[in-house]
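Report on the structure given below.
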Amino acid sequence: MKSDETPSIGQVSLEVAGLGTLKGISLNGKTCQYLGIPYASVPGRFRRSIPASEPWENGSWDGTKFGPYSPQPPRDFYPVPNAPRPWLDMPQADEFNCLNLNISVPHLPSDYVNNTLPVMVFIHGGAFTYSMNSSPVYDSRILVESSASKFGRPTIVVTVNYRLGVYGFLAGKDLKTYNSSHGEAGVGNYGLWDQVLALRWVQKHISAFGGDPKQVTLFGQSAGAVSVHAHLLRGETLFSSAILQSGLIQLCGVLSIDEYQAVYERILQALNIPLHLNPEERIGRLLAADSSALTKAMVPAFIIPVVTSPLCDDGVFVEGSIPSYDEYNLFSVPEWCPRVMIGDATNECIIWNKSWDNICEYPLAPGEDLTVPTAALTLAKMESYLGLTKARMLSEIYGITSDTSEKDLFMKIEKMTTHGLFSAPIYFARQEAKGAIFAYHFDVPSPFRNAWGGMAHHSFDNVLIWGLLEHEMPQSYTRVSESMAGAWIRFASGEDPWERLSESGKYKVFGLEQTILTSKDDDLERGHQVWDKLHELGLVADLARLSEELCLRRRELTQGVSVSSG
């Protein structure tokens, strides 16, 4: 199937034990898709979801159209175009009916009984605030068809909707008390609990689609990778292998309950709910707030242009506490999930470039959607976060001086923060982990003509893995796209996609000109020497915290934490 092809659409039906008859669509008489299947329901705002009712009402479900997605604020820029899909309508946002999944299968229903296929469950990224499983770039029709026709390893792919933004992650002391009143331990992380129920649904029902519940690969990118790491730490045996694309648990921020109380109060202020009210009245007003107003309130409350929803370290989702930046080398691979792939891209932190506006004065070039900070302001900001000594060490390592040009400074900040939040933590995590670790780097520049064009930017790896924009890119991108998609499929099938880092010290580099297996001794431009030096100087955690301040502006976000509001 070509990426710009409009396939012939048919209808199929499938009996799912315990649920009823499921309608779906077939594409060119081969791949089948079952859309918008409910796996859980939301009993109330800021509540943990509960499993969906079984069997379906009237014993059937119409899986020929997408289900609703979580409400979310608009984004003013996205670096890739939408993939064409004229035969399906996009759904609407719905706070209480957004917990659904899509299942793509590489055979017609008559073949399911004879197959026990590997399963891939995808958790989308979007800073825990944006995106949906119905996004055209995550349509798994080409990946699934290719798994059978091109790679000879037919594989089922499941994409999951979960609650986002304040609906999925808002926490605080008032909300902890509210959750407790409903018999729910902990607070926040509702979107992660949604994912747990989706994975349990897959374990219970995927065999009806010809899938093997004992061979499930959980994979995600950005916030999706954060989610995968969180599920690894939580420890419930819901998958058997994992892929983390561009992110570990700390990436989008982790706040204590007290710190999240400040965010909660920012939301109240944005909704004009008086802070002097008692906790019960505040919660009551918040629960009664219109969904559109609550969605809009996220933008001023979270300060940064790309709203990023942190996890809450409530001691419940991850028993005990979530690993801190200081524990960057404590990544572990559990016995029940012994195979893990983990990697990053060259230009990750470009995703938060607009967060640097608090130290920005000049545009990079006329008409470009980028701004750059002045060097003097940057150095002052670094010193305010780290103190003079550490700030000077880091500015020397990254070549930031008071006379660094604006254009050079922009790229130095992007490199420094990418190292702090992505490259260095991932490097040390995979170096120390025991088990079957497969590592990679993504160096393919985007061909799209926009502000991020020419960069191997955050999320562009998705474009190549899913294969839905091949018609929009030069022919030279086909090879690396097939290489990545094939590697992901082979990994999900239980094969080694390349040599194990834990045994050979080698990792894969996906580049436009070539894809190679190499080691840090032969990959001298990567930055390993910088990361090792940071480790020797005890600066890895400091760089991560500085990067978080520059990108997520955590200090401002949690400023004015109330410790006496209830």
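Of these, Glu472, Glu499, which one is touching a Lys or Arg at 6+ places or on another chain (Cβ under 9 Å) and touching a residue at least 12 places away in the same chain (Cβ under 8 Å)?
Details: Glu472 fails: touching a Lys or Arg at 6+ places or on another chain (Cβ under 9 Å).
The conditions single out Glu499.
Tell me the residue from Ala429, Ala433 that is under 19 Å from the mean Cα position of the chain (by Cα), under 30 Å from Ser241 (Cβ atoms) and modelled with pLDDT under 95, please.
It is Ala429.
Has region 437-454 got any residue that is within 19 Å of Lys533 (Cβ to Cβ), surrounded by fewer than 19 Cβ atoms within 10 Å (Cβ to Cβ) and of a type outside the set (Lys, Arg)?
No, because not a single residue in region 437-454 is within 19 Å of Lys533 (Cβ to Cβ), surrounded by fewer than 19 Cβ atoms within 10 Å (Cβ to Cβ) and of a type outside the set (Lys, Arg).
Might you let me know whether region 1-11 holds any residue that is within 19 Å of Val160 (Cβ to Cβ) and either in contact (Cβ under 8 Å) with a residue 40 or more places away in the chain or not assigned by TED's automatic domain parsing to the domain that holds Pro447 (or both)?
No - not one qualifying residue is present in region 1-11.
Among the residues of region 436-463, what is the count of those that are within 23 Å of Met341 (Cβ to Cβ) and touching a strand residue (DSSP E or B) at 6+ places or on another chain (Cβ under 8 Å)?
18
Tell me which residues, restricted to region 303-351, are hydroxyl-bearing (Ser, Thr, Tyr) and surrounded by fewer than 18 Cβ atoms within 10 Å (Cβ to Cβ).
Taking region 303-351 as the starting set, the residues that turn out to be hydroxyl-bearing (Ser, Thr, Tyr) are 308-309, 321, 324-325, 328, 332, 346.
Across region 303-351, the qualifying residues are Ser321, Ser324, Ser332.
Can you tell which of Val228, Val202, Val137, Val158 is surrounded by 24 or more Cβ atoms within 10 Å (Cβ to Cβ) and in contact with a helix residue (DSSP H, G or I) (Cβ under 9 Å, 6 or more places away or on another chain)?
Val158
Results for (1) free of Cβ contacts under 8 Å to residues at least 12 places away in the same chain; (2) crowded, with 21+ Cβ neighbours inside 10 Å; (3) touching a Cys at 6+ places or on another chain (Cβ under 8 Å); (4) within 24 Å of Asp496 (Cα to Cα), shown as yes or no for each residue.
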| position | (1), (2), (3), (4) |
| --- | --- |
| Ala208 | no, no, no, no |
| Asp212 | no, no, no, yes |
| Gln215 | no, no, no, yes |
| Cys252 | no, yes, no, no |
| Leu255 | no, yes, yes, no |
| Tyr260 | no, yes, yes, no |
| Glu265 | no, no, no, no |
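Out of all the residues in region 412-433, is one or more surrounded by fewer than 18 Cβ atoms within 10 Å (Cβ to Cβ) and of a type in the set (A, V, I, L, M)?
Checked against the condition, which is being surrounded by fewer than 18 Cβ atoms within 10 Å (Cβ to Cβ) and of a type in the set (A, V, I, L, M), region 412-433 yields no hits at all.
For (1) in contact with a helix residue (DSSP H, G or I) (Cβ under 8 Å, 6 or more places away or on another chain); (2) among the charged types (D, E, K, R), each residue gets a yes or a no:
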{"position": "Ile465", "(1), (2)": "yes, no"}
{"position": "Arg479", "(1), (2)": "no, yes"}
{"position": "Lys506", "(1), (2)": "no, yes"}
{"position": "Glu513", "(1), (2)": "no, yes"}
{"position": "Asp522", "(1), (2)": "no, yes"}
{"position": "His535", "(1), (2)": "yes, no"}
{"position": "Gly538", "(1), (2)": "no, no"}
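Given Arg153, Arg163, which one is under 22 Å from Phe239 (Cβ atoms), in contact with a Phe, Trp or Tyr (Cβ under 9 Å, 6 or more places away or on another chain) and assigned to a loop (DSSP other than H, G, I, E, B)?
That would be Arg163, the only listed residue that is under 22 Å from Phe239 (Cβ atoms), in contact with a Phe, Trp or Tyr (Cβ under 9 Å, 6 or more places away or on another chain) and assigned to a loop (DSSP other than H, G, I, E, B).
I need the full set of residues from region 7-33 which are closer than 13 Å to Asp139 by Cβ and out of contact with any helix residue (DSSP H, G or I) (no Cβ under 6 Å at 6 or more places or on another chain), in order please.
Of everything in region 7-33, those that are closer than 13 Å to Asp139 by Cβ and out of contact with any helix residue (DSSP H, G or I) (no Cβ under 6 Å at 6 or more places or on another chain) turn out to be Pro7, Ile25, Gln33.
In region 384-407, which residue that is of a type in the set (Asp, Glu) and either modelled with pLDDT of 95 or more or surrounded by fewer than 15 Cβ atoms within 10 Å (Cβ to Cβ) (or both) is nearest to Gln529 (Cα to Cα)?
Glu396
Taking region 2-61 only, how many residues are under 30 Å from Gly183 (Cβ atoms) and of a type outside the set (A, V, I, L, M)?
Going through region 2-61, the residues under 30 Å from Gly183 (Cβ atoms) turn out to be 18-19, 36-57, 61.
Now narrow it down to the ones that are of a type outside the set (A, V, I, L, M): 18, 36, 38-39, 41, 43-49, 51, 53-57, 61.
Number satisfying all stated conditions: 19.
Taking region 16-31 on its own, how many of its residues are over 21 Å from Val160 (Cα atoms) and part of a strand (DSSP E or B)?
0
Here's a check for you: in region 276-335, which residue that is small (Gly, Ala, Ser) and touching an Asp or Glu at 6+ places or on another chain (Cβ under 6 Å) is modelled with the highest pLDDT?
Filtering region 276-335 for residues that are small (Gly, Ala, Ser) and touching an Asp or Glu at 6+ places or on another chain (Cβ under 6 Å), the one modelled with the highest pLDDT comes out as Ser291.
So which strands (runs of 3 or more DSSP E) stay within region 32-132 end to end and still have 1 or more residues that are surrounded by fewer than 20 Cβ atoms within 10 Å (Cβ to Cβ) and assigned by TED's automatic domain parsing to the domain that holds Ile156?
Of the strands (runs of 3 or more DSSP E) lying wholly inside region 32-132, those with at least 1 residues that are surrounded by fewer than 20 Cβ atoms within 10 Å (Cβ to Cβ) and assigned by TED's automatic domain parsing to the domain that holds Ile156 span 60-62.
The values are calculated or read from the model by the stated rules, or taken from the named source; none is laboratory data. These numbers were taken from a predicted model, which means no experiment stands behind them. Quick reminder, even Gly has a Cβ in these numbers, built from the backbone with ideal geometry, and neighbours come from all protein chains shown.
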